[in-house]
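Trainee: My structure is below; once you've seen it, I'll send some questions.
The values are calculated or read from the model by the stated rules, or taken from the named source; none is laboratory data. All of these numbers come straight from a predicted model, not from anything done at the bench. Counting neighbours? That spans all protein chains shown, and the Cβs are built from the backbone with ideal geometry, glycine included.
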Number of protein chains: 2
Amino acid sequence: MVSLDLSTPMPARKDPKAKASHEATASRREVEFPPRLSSGYLVRDAHRAFQRLLERRIAPYGVARGQWYFLRVLWNADGLSQRELSVRVGMMEPTTVIALRSMERSGLIRRVRGDDDRRKMRVFLTAKARRLRSELLAVARSITEDAEQGIAARDLAAFRRVITRMTANLDRIER
Amino acid sequence: MVSLDLSTPMPARKDPKAKASHEATASRREVEFPPRLSSGYLVRDAHRAFQRLLERRIAPYGVARGQWYFLRVLWNADGLSQRELSVRVGMMEPTTVIALRSMERSGLIRRVRGDDDRRKMRVFLTAKARRLRSELLAVARSITEDAEQGIAARDLAAFRRVITRMTANLDRIER
DNA sequence: GATAATTACTTAGAAATCTATGCAATGGGA
DNA sequence: TCCCATTGCATAGATTTCTAAGTAATTATC
């Protein structure tokens, strides 16, 4: 059980290139609702940082970000229907269609029309995709490690509880 | 690498429509790196939940999600150049161009070529956009409140520290 | 002062998403 | 058995975002 301090030393830049110059400029006010305190903004920033890194690290393997989520599920459950895949990955079906089309083009999957139910398309990984598994999972692990650098285990646990709860809170709301 | 319990109380559905049926199905394994423990996945889910709600709640005002971030900055600093806007909003410049084009079309901004430096385009809110300010900020506040329902203040504080640090960690990494 | 480098914006093109619709296979009731 | 609702996949079209590359205005260098 590691336990180390946290102490946010970085100011959390939004654009990693944009050296500085934007805070401290005119118009400090935003009293009405400062983005730096807004969970939504914090989540958005973090999301983009994760996406950016994921994209860069899997690109060398010829895998795009949108394909990643599907690979991940298929490695553990080959032969699912598109509907099942959509649910498990958490995407709408048209998104799944697009991702699978690109995966078929790049030789990561095959699609086979269902025998029993001819509406269904069962999705199977190719050998190529299966071979990528361990390397790509290592990439995912490394990104998580990079992200969690220097964060105390108990803070991480609290983080997971909170963000999971937030998502659930928001998912419960229809409008 | 830390290893700790987690206790994820909510099942964190991905698709709010997909009632259930996917956890508990076959193939529980994913031993190699369970998504429910991956900060990246948690952040992605939360991000989409936030986006979805934001989109729905501002649509009635005729404002799209991509316009929102710019409005937010402009309410506090009217007349910025596109470059400055990009930096403050945290978007790449082409993204800014697209957002501003749509905002000009919907009558939220005017663009005026700079007098001093004729490369620059200064961006000004219209009266219409200025009038939207308080209502839309209230929307933002309400979403945050919804998200944070039932979460203890100290957990929230830990959450903010952690996610800010994660973003900073990731931003520091180039590849 | 002419040329080179930089800066500000733009275009082009791709990817990842969504909502709304359409079409075809299936299955349950009358 | 036949109709119709449901289910599974697909298309269309919109939005948000990126990277790469282009153009025009400004500034710096010789």
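Trainee: For segment A:138-175, what are the residues that are in contact with a helix residue (DSSP H, G or I) (Cβ under 8 Å, 6 or more places away or on another chain), assigned to a loop (DSSP other than H, G, I, E, B) and modelled with pLDDT of 90 or more?
Mentor: Hits for segment A:138-175 are A:Gln149, A:Gly150, A:Ile151.
Trainee: Which of the following residues is within 11 Å of DNA strand D (Cβ to nearest atom), modelled with pLDDT under 90, of a type in the set (A, V, I, L, M) and under 30 Å from B:Ala140 (Cα atoms): A:Ala26, A:Ala49?
Mentor: A:Ala49
Trainee: Here is a follow-up. Going by the conditions given, is B:Ile163 facing chain A (nearest Cβ under 8 Å), under 28 Å from A:His47 (Cα atoms) and surrounded by 18 or more Cβ atoms within 10 Å (Cβ to Cβ)?
Mentor: For B:Ile163, the condition - facing chain A (nearest Cβ under 8 Å), under 28 Å from A:His47 (Cα atoms) and surrounded by 18 or more Cβ atoms within 10 Å (Cβ to Cβ) - is met.
Trainee: Another question, then. Kindly evaluate B:Arg101 against the criterion of being within 16 Å of DNA strand D (Cβ to nearest atom), among the charged types (D, E, K, R), part of a helix (DSSP H, G or I) and out of contact with any helix residue (DSSP H, G or I) (no Cβ under 9 Å at 6 or more places or on another chain).
Mentor: Judged against the criteria, B:Arg101 is a match.
Trainee: Please enumerate the residues belonging to segment B:121-143 that are buried (at least 18 other Cβ atoms within 10 Å of the Cβ), of a type outside the set (A, V, I, L, M) and facing chain A (nearest Cβ under 7 Å).
Mentor: Within segment B:121-143, no residue meets the criteria.
Residues are listed down the side, and each one gets a yes or a no for (1) touching a residue at least 24 places away in the same chain (Cβ under 8 Å); (2) touching a Phe, Trp or Tyr at 6+ places or on another chain (Cβ under 7 Å):
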position	(1), (2)
A:Leu108	yes, no
A:Asp115	no, no
A:Arg118	no, no
A:Leu132	yes, yes
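Trainee: Determine whether B:Arg111 is within 15 Å of DNA strand D (Cβ to nearest atom), among the basic types (Lys, Arg) and part of a strand (DSSP E or B). Give the steps one after another, and end with the answer.
Mentor: On the way: within 15 Å of DNA strand D (Cβ to nearest atom): yes; among the basic types (Lys, Arg): yes; part of a strand (DSSP E or B): yes.
So B:Arg111 passes the test.
Trainee: Also: Looking at B:Arg88, is it within 7 Å of chain A (Cβ to nearest Cβ) and either within 16 Å of DNA strand C (Cβ to nearest atom) or part of a loop (DSSP other than H, G, I, E, B) (or both)?
Mentor: Numbers: within 7 Å of chain A (Cβ to nearest Cβ): yes; either within 16 Å of DNA strand C (Cβ to nearest atom) or part of a loop (DSSP other than H, G, I, E, B) (or both): yes.
Taking the combined requirement at face value, the residue satisfies it.
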